[in-house]
There are 2 protein chains.
Amino acid sequence: MANPGTSRRPKYQRIAADLRQAVQAGEYRPGDRLPGENDLMAAYQVARMTARQALGVLQTEGLAEARKGAGVFVRSFRPLRRRGGPDGIDTHAVALDGAVEEQRTPPPTVADALALSPAAVIPVRDHRFVRDGKPVLLSTSYRPQPGLVAVRFREEIHCRMPSSEEAQQLRLPPGTPVIQIRRTGFAPDGRAIEVNELTLDASSYLLEYEFDV
Amino acid sequence: MANPGTSRRPKYQRIAADLRQAVQAGEYRPGDRLPGENDLMAAYQVARMTARQALGVLQTEGLAEARKGAGVFVRSFRPLRRRGGPDGIDTHAVALDGAVEEQRTPPPTVADALALSPAAVIPVRDHRFVRDGKPVLLSTSYRPQPGLVAVRFREEIHCRMPSSEEAQQLRLPPGTPVIQIRRTGFAPDGRAIEVNELTLDASSYLLEYEFDV
DNA sequence: CAGTGGTCTAGACCACGAT
DNA sequence: TCGTGGTCTAGACCACTGT
């Protein structure tokens, strides 16, 4: 009896669709608790795993977040705006929570971009920024010659699901992607002189770029 | 017996970690088939649901992709580069697969940005671009007065998990985020005269922006 | 056709959070 | 303490893919 009743869709998808619609209709507001596994088992006459699966759908969509021992709650979206520009990281609304400077060997892709030998040791700075106590941005800066000043920047943006390590560092609930920005600074002669790798909690950020024709 | 043996971590996470490491070590290359549910059940002496859960982890991380009736396969990443600039969409390497132009009422946020009345009807163009037969970009353009030419653009980027509708349109496997770009064009007097909303398969794209100091 | 992943059941024990 | 979600078992039937 995999597909009883009048519907052809799996039960868990139908339950998930009901919940999703209720959220979008405003029946549940951000922070509200959704019906739990036991509620759904009773309401839809399904097994625990099926109810779990339905709630799992909303979580992997980023619409809900489970808190162990408490329930499943509607997530909220309050984005920080980051303006792409010469400044790099704008620190308003976020607080620097950790900073480390040490001599390290950069990863091969960075050493390559900076035209360093693969085993070169240079000063590296690690930063962590938080909002409301939650980390939202990790930054690693590579700048072998701090004296030089960049006059042009390129930012490359890639969006993906986090590694388990990143999910832990940024305390990301399931269904939250990360934005990875590689920011490269160039000297007037066109040489790359600094690289900054940023990892952002995608649910906390909205990026903004402007340009004239 | 939720946590037998010497490990404190759940079984499914341990299995997933083994597989993840094997992928990252190159034991399985992009496109290769991973051990299936039956293989994992036998190798680790676990129930089907536990093996499934382990394979599910790799899929929600975007590292693997299940093909029904065939197996679970390592995903590949071959990004298209999109340069932010006056051009909007660069069509090299992607093909226009569908285009519709019609008179519609834009969503409230767009009507607001363009200073239109909420019920205004304007020409709207929908485009779909594909690479190797797979859709990678959906575009909707709002341009109430085609005669005007924009001299400045702003792009706002947001990354999130797709709605089920978007996942279907872009044929996204689980664990694939989307990038949403709202591109606004401004006339010399500063008024917004066009809005273009793009939805990108994040696993297919790498965005690039440049600026001088 | 045999093998695969997809869905589902009906139980069980656990760790955690709120009360 | 009690209810919550988290993990796990041992079965089952299905739809799909490849040969």
Quiz item: Considering every residue in A:203-210, what mean count of other chain Cβ atoms within 10 Å of its Cβ is obtained?
Solution: 6
Quiz item: Once label points are set 7 Å from the Cα along Cα→Cβ at both A:ARG104 and A:ALA22, what is their separation, rounded to one decimal in nm?
Solution: 4.5 nm
Quiz item: Residue by residue through the stretch A:62-72, which ³J(HN,Hα) values in whole Hz follow from phi under the Karplus form 6.51 cos²θ - 1.76 cosθ + 1.60 (θ = phi - 60°), with glycine and proline marked x?
Solution: x, 8, 9, 9, 8, 10, 4, x, 10, x, 10
Quiz item: Which of the GluC sites (Glu not before Pro) found in the stretch B:127-210 are loop residues per DSSP with 12 or fewer other Cβ atoms within 10 Å of their Cβ?
Solution: none
Practice problem: With θ set to phi - 60°, apply the Karplus curve 6.51 cos²θ - 1.76 cosθ + 1.60 along the stretch B:13-29 and write out the HN-Hα couplings as whole Hz, x wherever there is a Gly or Pro. | Solution: 6, 5, 5, 4, 5, 4, 5, 4, 5, 4, 5, 5, 7, x, 5, 10, 9
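Between B:ASP189 and B:ARG81, take the C-beta separation as r, use R0 = 35 Å, and let me know the FRET efficiency to the nearest 0.05.
Once the sixth-power term is evaluated, E becomes 0.60.
Where the only charges are on Cβ atoms (+1 Lys, Arg; -1 Asp, Glu), what is the dipole of the stretch A:86-213 about its Cα centre, to the nearest 20 debye? Numbers along the way, then the final one.
Working: 13 positive and 19 negative charges, 49 e Å.
Here the stretch A:86-213 has a charge dipole of around 240 debye.
Would you tally the net charge around B:GLY62, using a Cβ to Cβ cut-off of less than 13 Å, leaving B:GLY62 out, and scoring K and R as +1, D and E as -1?
Details: positive: A:ARG160, B:ARG20, B:ARG75; negative: A:GLU166, B:GLU61, B:GLU65, B:ASP201.
Local net charge: -1.
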Self-check item: Calculated [θ] (222 nm, deg cm²/dmol) that DSSP helices of n ≥ 4 give over the protein assembly as shown, each run adding -39,500 (n - 2.57)
Solution: -6500 deg cm²/dmol
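For peptide A:193-199, how many partner chain Cβ atoms fall within 10 Å of a residue's Cβ, on average? Could you put the intermediate results ahead of the total?
Numbers: counts 0, 0, 0, 0, 0, 0, 0.
Shielding by partners across A:193-199 averages 0.
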Quiz prompt | Cα-based helix-to-principal-axis angle, B:48-60 vs chain B, degrees rounded to 10 | solution = 30 degrees
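Just checking the output field for A:175-182: average partner chain Cβ neighbours within 10 Å of each residue's Cβ?
Details: counts 5, 4, 10, 2, 7, 2, 2, 2.
That average works out to 4.
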Quiz item: What number in nm² do you get for chain A if you take the convex hull of its Cα atoms and divide its surface by four?
Solution: 16.9 nm²
Practice problem: Note down the net charge around B:GLU155, summing +1 for each Lys or Arg and -1 for each Asp or Glu among other residues with Cβ under 9 Å from its Cβ. | Solution: 0
Quiz item: Which of the listed residues, A:LEU80, A:THR176, A:GLY133, is farthest toward the dipole's positive end in chain A, when Lys, Arg count +1 and Asp, Glu count -1 at the beta-carbon?
Solution: A:THR176
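Going by average Cβ neighbours within 10 Å, how do the peptides A:143-151, A:105-113, B:173-181 rank, with the highest at the top? Don't skip to the answer; put the middle values down first.
On the way: A:143-151: 13.8, A:105-113: 15.6, B:173-181: 22.2.
Ranking the peptides A:143-151, A:105-113, B:173-181 by packing returns B:173-181, A:105-113, A:143-151.
The numbers here are math on the coordinates, done by the rules we state, and not lab data. Here the structure is a predicted model, which is why all the values come from computation and not from measurement. Cβ: placed from backbone, ideal geometry, glycine included. Neighbour counts: every protein chain shown.
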